[in-house]
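Scroll down for the structure; my scribbles are underneath it.
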Amino acid sequence: MIHSPFSSIPSAPRNQTVRQLQQFYQKPIAKVSTELIATLLAVILLALFAIRPTLLTMSQLLHDIEDRRKTSDALSKKIASLSTLSSELPTLKNEVSLLHKAIPNTPNFDGFMRRLEYVATAHTVLINSLQVTQVPKEATSTAPQLTSYLISVNLKAPYPLVRAFIAEMLAMDRYVSVDSLVMNAKRDEFEKTSSLITTIAFRVAYYGTPIQLPGSSAKKDEKTP
């Protein structure tokens, strides 16, 4: 048996209440209010579904605008750096040119030998002999590195001329250093005169293929399993 919420109310007042509710819902204002609420709910739901793509699009646009702002800031910094570099480029070109002369990309062995001979002739220094472990290759490898080669020069000249010769060799635009220096006094018993014999090992730097000394490749092959 189903109990109505109006079962506890006496029959006369209960019937009156039911009639009043039926009369209220039959009035136009009650019908309009119900339809208005339903319409508002439907409009809200439809608006949510309709606005959602727009909200997603706006969110994506805001994200794109932020990314472009960051890109614009990065480009502005790069432009400022390039502007600073362009103003310093003439000075840097001169410095880079000097660096290429000091440490060239090739050994330029023939050119260095000509300059050595020219400096020795200019200071009237007699070259008894020249010795180099291995003539470097002029071609550079795909991955060049800073390396050098040694030239041992045996000279016969008084000390002041030898000192001037060494000073001019070290002062040239090519980077050259003295690796070793040996001086010996030699006396000629027949002519009763003394002479100074100097052996200088010059180290000449360049940026290119390292020199492979004799036997180095063979030893490397022996270690390779």
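Coordinate-derived values only; no laboratory data. Only a predicted model underlies this, so the values are computations on that prediction, with no experimental measurement involved.
For Ala157, the residues 5 or more places off, or on other chains, whose built amide H falls under 5 Å of its own are Leu196, Thr198. Extension gain for Thr147-Leu99 works out to 15.8 nm (0.36 nm per residue, less the C-alpha to C-alpha distance).
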